[in-house]
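One structure is given here, and the rest of the page talks about it.
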Amino acid sequence: MRKKKLGLLVLMLLLVLSTALAACSSDAGDGKKEDGKKEGTKTEGTKTEDGKNVQDTLVFGRGGDSTSLDPSRVTEGESFKVTVNLYETLLNFGEQDTTINPGLATEWEPSEDGLTYTFKLREGVKFHDGTDFNADAVVKNFERWANGDAEKFPYYSSMFGGFKGDEGHVIDSVTADGENTVLIKLTRSQAPFLKNIAMSMFAIASPTAFELGDDQFERNPVGTGPFKFVEWKPNETITIEKFDDYWDEGLPKLKKIIFQSFPDNSARLNALMAGGIDLADGINPSDGKSIEDNEKLQLFERPSMNVGYLGLTVTRPPFDKKEVRQAINYAIDKQSIIDSFFEGRANVAKNPMPPSISGYNEDVEGYEYNPEKAKELLKSVGLEDGFEMDLWAMPVPRPYMPDGKKVAEVIQKNLADIGITAKIVSHEWATYLDLASKGDADAFMLGWTGDNGDADNFLYTLLDKDTIGSNNYTYYANDKLHDILIAAQTEVDEEKRNELYKEAQLIIHEDAPWVPLAHSTPLLGGAKNLSGFVPHPTGSDLLSNVEFK
């Protein structure tokens with residue numbers, strides 16, 4: 001009897017031990033639930049000197065994958081979300097604003113005429129591949145961009161008026177003056193120049209890496225940032241890890257970051273709730289309270305500097321008629337969209353830039369919701385019986401549009417009420433952006449989070465004729481608007497610049513290439529013990545100060 005009881009006891013102990021080991025194995029596994037659905041990537045910590053387990057890996061759940069890890073080749077925020085932690089720019093923005101601060105350049109000085117800028121570079125900085133950061137490296141980056149084209153480097157032409165040899169190209173030359181000084185000469189003064197070069201897409205990359213070829217480089221990024229690239233599993237995860245030779249001692253605080261794609265908002269929220277991920281963006285406004293009420297989580301609000309819009313490609317009939325574009329503006333019930341999908345965390349948009357940007361025109365009278373007025377305008381151009389069109393809905397949540405498909409369904413119903421039959425279509429995110437940029441959409445949902453806090457970054461970048469094919473997806477062109485926007489770029493007097501931008505908004509409102517929809521306050525959710533995370537208004541979050549307490 002005694003041996004039998006002992007045997008049973010041993011057997012029970014073995015069963016308990018095997019169950020515990022299985023549970024541990026599950027916690028450190030691939031993050032899948034029993035039904036096989038991906039819940040999130042679990043992370044492990046490291047032991048401190050006092051024996052406590054401290055988490056040193058952050059899993060960041062986001063709405064979509066990056067399209068490239070070469071920041072100069074993209075215009076969308078999912079790529080910048082990663083690259084801002086891999087690369088650095090000559091100048092930095094403030095922690096919570098777009099004021100100019102030192103970056104890879106510690107000092108900068110404009111000439112009296114505003115045409116030459118002298119930059120003193122930070123010394124002792126290395127790229128992740130061991131290449132020295134110096135003046136020659138900066139020159140090679142600018143030469144690479146200037147010798148490209150709009151298809152390869154779409155943002156460069158948007159911010160600097162074209163490429164080398166183009167009439168409107170703002171940059172005359174970039175030269176090295178010794179090892180640690182760079183001179184940038186302009187063809188004309190450009191008021192937002194310093195803010196432009198602080199933007200994520202003008203990060204300085206290792207010449208050793210990009211000279212191997214652009215296509216290889218965009219999948220194998222090399223910068224000077226606090227983290228270095230490890231691995232990219234398309235549509236799943238991008239992994240980056242601490243760069244041990246980073247110049248800023250003590251940073252970064254994390255050992256590793258995994259960016260994990262969850263196109264479905266609910267799946268991302270569930271992963272956060274279950275502890276499978278530590279930080280999630282694109283939180284539905286309707287889910288904000290559930291995060292606030294969860295003692296294991298915290299809610300973050302990103303400062304609003306964005307606009308969500310419906311773009312109307314003006315080269316595609318019948319959108320080549322101003323009256324049709326105005327009719328669609330009158331047809332859409334923006335307030336209903338705000339009430340249904342933003343939970344009071346957004347404002348109705350009437351201009352292509354948010355009120356937080358200097359130069360915003362408060363006097364513009366937005367298009368009211370007026371289906372009868374819309375019908376009258378359609379009748380005036382012989383379209384009283386309506387027409388058929390494709391309505392492109394974003395396949396991923398974005399800060400300015402938490403659920404593109406559902407918003408598209410509301411717009412579809414609004415258009416049906418004035419006789420327009422809209423077929424909702426979509427594509428994978430990279431394809432969506434590529435085709436829309438080529439003018440292939442009748443009407444497309446998109447938006448913009450400001451890159452530098454300047455009106456130029458909204459109006460010129462998105463709606464000037466110079467930026468058609470890069471960031472101007474509507475192919476809208478107006479010569480008078482162009483002259484005003486170039487004058488505003490050149491004008492250094494802030495009050496005069498603001499007046500020019502206010503005039504520009506009146507022209508855009510009349511021509512109606514967009515239906516401005518919303519200026520949102522984007523939400524993120526994070527683990528309660530997450531510390532040091534500060535959401536940036538540009539949407540590009542530097543994670544070097546983030547840690548777990």
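The values are calculated or read from the model by the stated rules, or taken from the named source; none is laboratory data. Source: prediction; values computed, not measured. Every residue, glycine as well, gets a Cβ built from its backbone with ideal geometry; the counts of neighbours run over all protein chains shown. Side chains are part of the model used for accessible areas, which takes the heavy atoms of the whole protein and leaves out ligands, DNA and RNA. Shrake-Rupley method; radii C 1.70, N 1.55, O 1.52, S 1.80 Å.
The table that follows gives values for the structure above.
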| item | result |
| --- | --- |
| For segment 279-312 and segment 71-128, distance of Cα centres in Å | 28 Å |
| Fully extended contour minus Cα-Cα distance, from Asp172 to Ile424, at 0.36 nm per residue | 86.2 nm |
| Cβ-defined net charge surrounding Gly103, 14 Å radius [Lys, Arg +1; Asp, Glu -1] | -2 |
| Percent carbon-and-sulfur accessible area, segment 278-428, ignoring ligands, DNA and RNA, probe 1.4 Å | 42 percent |
| FRET efficiency, 1/(1 + (r/R0)^6) with R0 45 Å, evaluated for Glu362 and Glu179 via beta carbons | 0.35 |
| Formal net charge of residues neighbouring Arg302 (Cβ-Cβ distance under 10 Å; K, R +1; D, E -1) | -3 |
| Counting DSSP beta bridges with both ends in the chain, the antiparallel % (nearest 5) | 80 percent |
| The chain: radius of gyration over Cα atoms, expressed as a fraction of 2.2 N^0.38 Å | 1.06 |
| Charge dipole of the chain about the Cα centre (unit charges at C-beta), most positive-ward option of Leu91, Tyr117, Leu279 | Leu279 |
| Charge context of Gly161, other residues only, Cβ under 10 angstrom, K/R +1, D/E -1 | -3 |
| Per residue accessible area of segment 374-478, 1.4 Å probe, in Å² | 34 Å² |
| Residue among Thr315, Ala327, Asn347 farthest towards the positive dipole end of segment 298-348, charges placed on Cβ | Thr315 |
| Dipole magnitude of the chain about its Cα centre (Cβ charges: Lys, Arg +1; Asp, Glu -1), debye to nearest 20 | 2740 debye |
| Range of Cα positions in segment 384-480 per principal axis (Å), largest first | 38, 31, 22 |
| Total charge dipole magnitude, segment 362-502, about the Cα centre, Cβ charges on Lys, Arg, Asp, Glu only, Debye to nearest 20 | 540 debye |
| Translational diffusion coefficient (Stokes-Einstein; Kirkwood radius from C-alpha pairs) of segment 485-539 at 4 °C, 1.567 mPa s, in µm²/s | 86 µm²/s |
| Order by protection proxy (mean Cβ within 10 Å, highest first), peptides 273-286, 112-125, 365-378 | 273-286, 365-378, 112-125 |
| Ranked packing of 74-87, 327-340, most packed first, by mean Cβ within 10 Å | 74-87, 327-340 |
| Calculated log₁₀ intensity ratio I(q)/I(0) where the Debye formula runs over C-alpha points of segment 145-276, q = 0.14, 0.18, 0.21 Å⁻¹ | -0.89, -1.18, -1.31 |
| Cα gyration tensor shape for segment 84-154, rounded if a/c is under 1.5, else prolate or oblate | rounded |
| Percent of C-alpha pairs per 5 Å bin, segment 243-317, short to long | 3, 11, 17, 15, 14, 13, 11, 8, 4, 3, 1, 0 |
| Cα-based shape type of segment 414-542, given that a ≥ b ≥ c are square roots of the gyration tensor eigenvalues and the cut on a/c is 1.5 | oblate |
| Flagged links, alpha-carbon separation over 25 Å, of Lys255/Lys528; Lys81/Lys256; Lys152/Lys334; Lys195/Lys549; Lys373/Lys413; Lys126/Lys549 | Lys152/Lys334; Lys195/Lys549; Lys126/Lys549 |
| Assigned charges on the beta-carbon of Lys, Arg, Asp, Glu; segment 94-204 dipole about Cα centre (debye) | 180 debye |
| Peptides ranked, highest mean first, by Cβ atoms within 10 Å: ranges 494-504, 210-220 | 494-504, 210-220 |
| Dipole axis of segment 199-300 (+1 Lys, Arg; -1 Asp, Glu on Cβ), positive-most option in Trp247, Ser290, Phe202 | Ser290 |
| Added length on full extension, which subtracts the Cα-Cα distance from 0.36 nm per residue, Lys296 to Asp214 | 25.2 nm |
| The chain: calculated mean residue ellipticity at 222 nm from DSSP helix runs of at least 4, using -39500 (n - 2.57) | -9000 deg cm²/dmol |
